Structures are given as C-alpha cells and as structure tokens.
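Okay, structure first, notes after.
The values are calculated or read from the model by the stated rules, or taken from the named source; none is laboratory data. Note that the structure is a prediction, hence the values are computed from the model and not measured. All Cβ positions, even for glycine, are placed from backbone atoms using ideal geometry, and neighbour counts span all protein chains on display.
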Amino acid sequence: MTMSPTTLLLIENDPIDATQIQDALVNEAGLFRVVWVTSLAAALNYLTNNTADIILLDLALPDSAGLDAFDKILDEVPTALILVLSSGADEALMHETLKRGAQDYVAKGHIDAHWLPRALNYIVERKVSRLALSESNKRFRAMSDASPLGIFVSDVQGDCIYTNTAYHRISGLTLEQTLGTNWTAAIHPDDRTAAINEWVVAVKNHQPFLMEVRFLRSDNSIVWTRLNAAMIDSGDTKNPQGYIQTVEDISDRKAIEIILRVSEDELFDQRERAQVTLNSIGDAVLTTNLTGNINYLNRVAETMTGWPIKEAMGLPLEEVFTVIDEDSRQAPPNPVRRALKANKTVKLPTNCLLVRRDGSEIPIEDSIAPIRDRHSEISGAVIVFHDVSDARAMAKKMMHMAQHDVLTGLANRTLLAERLTRALGLAKRKQKKIGLLFIDIDNFKHINDSRGHAVGDRLLQIIARRLEAVVRSTDTVCRQGGDEFVVLLTEIEHSQDAAQVAEKMISTFTVEQLVNEQPINVTLSIGISLYPNDGTDVNALFQHADTAMYRAKLRGRNNFMFYSNAVDLPDSTLEAANPQRPQAKTNS
C-alpha cells in the first residue's frame, strides 16, 4: 500500500525563502508535495478547489499583511494546520496567531532539511492523534445510548455533564435541556427534598445511593423511577471526580404494589385479575404471613428462586428466599421482620445476591412492604425483587470506560490526571520525586497508512502491554490519544530511576515486532519531566514532558530526553542528557 504524500501549501512572496523551504523537503522520499503561491489571492483561489494538509504562511504578502492574512486563510479552511513564517522581529504577532489557532511559527533563518520535515510530520501526527481520541469518544457515546437504563453523569456538584438516550426517553428531556442542570431537576417536587436528604447521607458515609422517586415530565405525566448512583472511583473518596447515576423506569412495578396494598376484600374480588397481572410482569413477587412463612410466589419468583409454588408454600422465608451480601457472604437481617417492625417499605442492602435452589447466585434489588387486612392490621409482607445483573454490569462497564482507553484498556487522560494529582500530594509529604514520561511512537502515521488501521490498532495494543511490563504495579501507563502514551512513575528516589525506565522501554523494541504476521520496526521518542525539578502541578509536568519528547524527536528519535536538558540548550548539552545512546537513524 503506497502512502499518499502530505500536501503543503506554501504562501511566500520571497523566492529565496520559498526555495530554501522547498529544498528542505525535496529529499523526503515523496512524503511532501509542495504547492507554492506568492499572494493571498492566489492561496484563496487554490483552496477554493483544492485541499492542503499543512499551510506555511508568510504574513508579509503583497496583497495582505499581518493578522488580516492569517484570519482570511483560517476563515477559508478552519480545520487546516497552519504554521506561520516568522522573520524574528515580530514575536508579539506570532504569539497572537497562536492564540487564534496557528499550530506553531517557524523562524525563516533556522529552516534546514533535518528539522523542518520532522517538525511537519510531528504536527500531522498530533492531528491524527486528536482525531483518534474523538472517534473513541463517539464509540463511548454509542455504547451508552445502547443501554436500556437511563444514565446521568454529573460533576462533584451534581450538575449534569452527560445523559444518554434512555434518560431522555424516561425524563422527557433532551440532552440540551439536561446539560448543566442538577440531578434533582427532573424529580417530582413532592419527592425532591427526601431525595436530597438521602443523597447527603449517602455521600457523607461514602455509600451507594439507591432510591425510588417520581419524575415529573413537561406534559405533567409521572414516571416512577429507581435511582442508583455511585461516585466515579478515583481512589480518593474525599475528592470524587463526579457521579454516575442509572435511572430505571419502574412504573409497571409500582402499579403492582398498589394492587397488593388494596384491602383484603378487594383483593379477593379481583383475585383472578391480580393473578394474571402478577404473572405477566417482569418482577418477582413473593408474599409471607406474619410468621414469615411463604404463602405466594408469582411465576418470575418461581423461576428466580428455583422453587415451584406448590413446594414453597408454608416454608420459612429464609429457605426459599436465601440472600447474602456479595462481599461478606453473610446473610443480612431478616427483611420481613425489618419491614414489619418499621411498619414501612424497606430495602435489602446494596450488593445482595439471591442464592437459588441449585446454588447459583443472582444479583438482585428489592423492596419489602407490610400487607394490611381490611381492618388495617398487618397480616404479612410482600417482597418485590428483580435481577439486576445487566444493570450492575453496565454500571461497572460505564465506570471503567469513563476512565480507560477503549482500544488498549490503559488508563485514559482523566484517570491519569487524577492519579498524578494524588501522587503529587504524597510526594510532597514524603519528599519524594515523581517522573512523568511522555512517549510518542516514531513514524506511526506511516505504519498506520501503509499497513492498514487493523495492524496499527494491534500494534498499539502490543506496545501498551510492553510498556506495562516495564513499570511497577504502583505506576500508571496511560494512552494519551492516537500514538501517544504517558507513564507516571510514583515515589522515585533519583532522576536516574526515570532514565532507566526510559532505557528499558526503548530497548524492549530493539527487535522487530510481528503484527498480524507482518514485521514492523518500532522506535520511541520519550520526554521526561520530574517533580519538583520541572514543575509542581499537573499542567506544568505534562507540558514539560511533552516539550522534552518533542526535542527528543528533533534529535533523531529512538531516544529520550529530560526537560531540564531540552529547553533552549546547545547541541552539546542535549547530547550530554543521553550520552550512552547514539543518535538513531530515522525512518523518514
């Protein structure tokens, strides 16, 4: 498969400068196709009928100058990668173009055949990485919208940052109407105060939140819902990242509970109708007398417990409805006794399992309520329960997807930033160092284009596993996006510890990688920033590691560089940062 050359539109009035740029790219084995125009009008005319991967723009043109030229090009191709040619005396102007969307600026006097093509390739690769991250987010939303449960994701204040299609169907609200609103906005005003009180208790005690409330839709219709919320696990319960809430429509089940609470005479008169109704719903229904012995199961309850009603009649509740806590494996307090004693509806603790007659286990959620006779005296209890295997699996999957990369299974940027923040606090208290390694796969765009995306994806998975094998279990390997990875090394003693890890990562790819029976050479460019040497906050360490990695690429790739050695230092100092590794040949 032949890779298409990268089209570069050069907008430069000075023929000497234009020739120097073209000469710097002419030996790149057909990787670049340079189109040279000398005026803004010619550039706009070309872009009307053609596309360009990169635009190299001189702001001193005969028919336009300064920001006006930049703005007109940006208006014509808003998604283009624009690099501005700098004369060296217009630093403020260059910084203004960066604010408006330029990728970078290039000093005319420092253009050479070694540096320019590599800088251009790096910028293109960064764009590909961002597009890959965008595709990952689209896949996440597609999976979320396939869930039958409503999903409401909020920040730590409880304000919405995402809702899925099922939530919109249940609440009657659109995505635009939910974003930025509090999680209580859809709840019926009569239920809202109680829901908030329950939420405060759950958050204070670091417990899951489970409650049944009514949603009031804009057309004044009411939907009974079961809310199940937990904080996004960041490893620090005192500083949650946010909350994920699942919303289930339980209107049908509530209708059944109303049937079960009518007086005994009414229930007798409508016995046949109630029987048909109870056997047609999706929830299991089980009732007991005052002593806690079984006197009814509907068909779903028979199936879930494994007990036919003829055999279960008269048996103690614990023998038919055997429930244990998933973590402790112990039975919770008798739910019927709790409901009768409290004289109100109660629920089993979260994470309960129903142990079926054959010994298999099913995760369930339920409610237990007293049954009253015609004289309002308690005559027994009703238990309504259902299988929540799919809901729990989906909640765990959504939690994992919110913090991990879909392709490689590695931590994503959100989880890495949280772990880095926590690691900074520990390092400060223990007076330790932290290493942040920013890793880029050299020439990955060429591999991806020439071998196909399936090979590229498989290669990323292999690289992820190799990087994980090099670091400790306490460290974090993150896929930043595209072909970029970041590694967090916690509590290291010396700067050399980070250098040794980088050496191991580079050396583990000295042998060709076999991907789908295709041999592929893989090299890495690694930038290293250290706490507290190079920064004391998340943004500084990320930015400085990225800068060091970029400099490592300019030094020939297949090497690593510390940030402190990479910033505006002469070549002799850059080489001293990594004296044991000779400069590698590039694959360009």
Tell me which residues, restricted to the stretch 412-466, are within 20 Å of residue 544 (Cβ to Cβ) and of a type in the set (Lys, Arg).
-> 413, 419, 422, 428, 432, 433
Which numbered condition residue 25 misses (of (1) at pLDDT 85 or above; (2) touching a Leu at 6+ places or on another chain (Cβ under 7 Å)) | (1)
Considering only the stretch 293-412, give the strands (runs of 3 or more DSSP E) lying wholly within it that have at least 2 residues that are within 31 Å of the chain's Cα centre (by Cα).
-> 352-355, 361-372, 378-387
Could you name every one of the helices (runs of 4 or more DSSP H) located completely within the stretch 1-107 that has at least 1 residues being under 27 Å from residue 125 (Cβ atoms) and of a type in the set (D, E, K, R)?
-> 15-26, 67-76, 91-100
Would you check if there is a residue in the stretch 324-344 being on the phi > 0 side of the Ramachandran plot and either at pLDDT 80 or above or not charged (D, E, K, R) (or both)?
-> yes
Restricting attention to the stretch 160-174, report how many residues are exposed (fewer than 15 other Cβ atoms within 10 Å of the Cβ) and under 17 Å from residue 402 (Cβ atoms).
-> 1
Over the stretch 335-359, the set of residues farther than 17 Å from residue 286 by Cβ and surrounded by 20 or more Cβ atoms within 10 Å (Cβ to Cβ) is none
Taking residue 291 as meeting all but one of (1) farther than 19 Å from residue 336 by Cα; (2) at pLDDT 70 or above; (3) surrounded by fewer than 17 Cβ atoms within 10 Å (Cβ to Cβ); (4) of a type in the set (Ser, Thr, Tyr), write down the number of the exception.
-> (1)
Quick one: which residue in 371, 362 is more than 19 Å from residue 281 (Cα to Cα) and hydrophobic (A, V, I, L, M, F, W, C)?
-> 371
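Every residue, every condition in (1) closer than 24 Å to residue 458 by Cβ; (2) without any contact (Cβ under 8 Å) to a residue 24 or more places away in the chain; (3) not assigned by TED's automatic domain parsing to the domain that holds residue 438, yes or no:
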site: 519; (1), (2), (3): yes, yes, no
site: 523; (1), (2), (3): yes, no, no
site: 529; (1), (2), (3): no, no, no
site: 535; (1), (2), (3): no, yes, no
site: 550; (1), (2), (3): no, no, no
site: 554; (1), (2), (3): no, no, no
Given the structure, is residue 512 under 26 Å from residue 406 (Cβ atoms) and modelled with pLDDT under 95?
-> no
Cβ-Cβ below 6 Å, separation at least six or inter-chain, first residue in the stretch 399-428 and farther than 15 Å from residue 244 by Cβ and in contact (Cβ under 8 Å) with a residue 60 or more places away in the chain, second among the hydrophobic types (A, V, I, L, M, F, W, C) and surrounded by fewer than 20 Cβ atoms within 10 Å (Cβ to Cβ): which pairs?
-> 408/464; 410/464; 417/538; 420/538; 421/538
Do the conditions hold for residue 216, that is, is it at pLDDT 90 or above, closer than 21 Å to residue 392 by Cβ and touching a strand residue (DSSP E or B) at 6+ places or on another chain (Cβ under 9 Å)?
-> no
Within the stretch 49-81, residues buried (at least 21 other Cβ atoms within 10 Å of the Cβ) and in contact with a Gly (Cβ under 7 Å, 6 or more places away or on another chain) come out as 59
May I ask you to verify whether residue 558 is within 23 Å of residue 114 (Cβ to Cβ), surrounded by fewer than 22 Cβ atoms within 10 Å (Cβ to Cβ) and assigned by TED's automatic domain parsing to the domain that holds residue 427?
-> no
Check on residue 387, charged (D, E, K, R) and over 30 Å from residue 226 (Cα atoms) | no
All-but-one check, residue 58 against (1) within 39 Å of the chain's Cα centre (by Cα); (2) of a type in the set (Asp, Glu); (3) at pLDDT 80 or above, failing number (1)
Can you name the residue in the stretch 345-365 that is modelled with pLDDT under 85 and β-branched (Val, Ile, Thr) and, of all such residues, is farthest from residue 384 (Cα to Cα)?
-> 350
Collect the residues in the stretch 417-433 that are in contact with a Ser or Thr (Cβ under 6 Å, 6 or more places away or on another chain) and either assigned to a strand (DSSP E or B) or more than 13 Å from residue 492 (Cα to Cα) (or both), keeping them in residue-number order.
-> 418, 419
Is at least one residue of the stretch 446-454 crowded, with 21+ Cβ neighbours inside 10 Å, modelled with pLDDT of 90 or more and in the same structural domain as residue 429 (by TED's automatic domain parsing)?
-> no
Quick check, is residue 469 aliphatic (A, V, I, L, M), closer than 18 Å to residue 413 by Cα and surrounded by fewer than 17 Cβ atoms within 10 Å (Cβ to Cβ)?
-> no
Of everything in the stretch 414-443 that's surrounded by fewer than 18 Cβ atoms within 10 Å (Cβ to Cβ) and touching an Asp or Glu at 6+ places or on another chain (Cβ under 9 Å), which residue is nearest to residue 542 (Cα to Cα)?
-> 421
Result of the Cβ filter at 6 Å on the stretch 465-482, keeping first residues that are in the same structural domain as residue 501 (by TED's automatic domain parsing) and farther than 14 Å from residue 505 by Cα and partners that are among the β-branched types (Val, Ile, Thr) and assigned to a loop (DSSP other than H, G, I, E, B), at least 6 apart or interchain, is 479/408
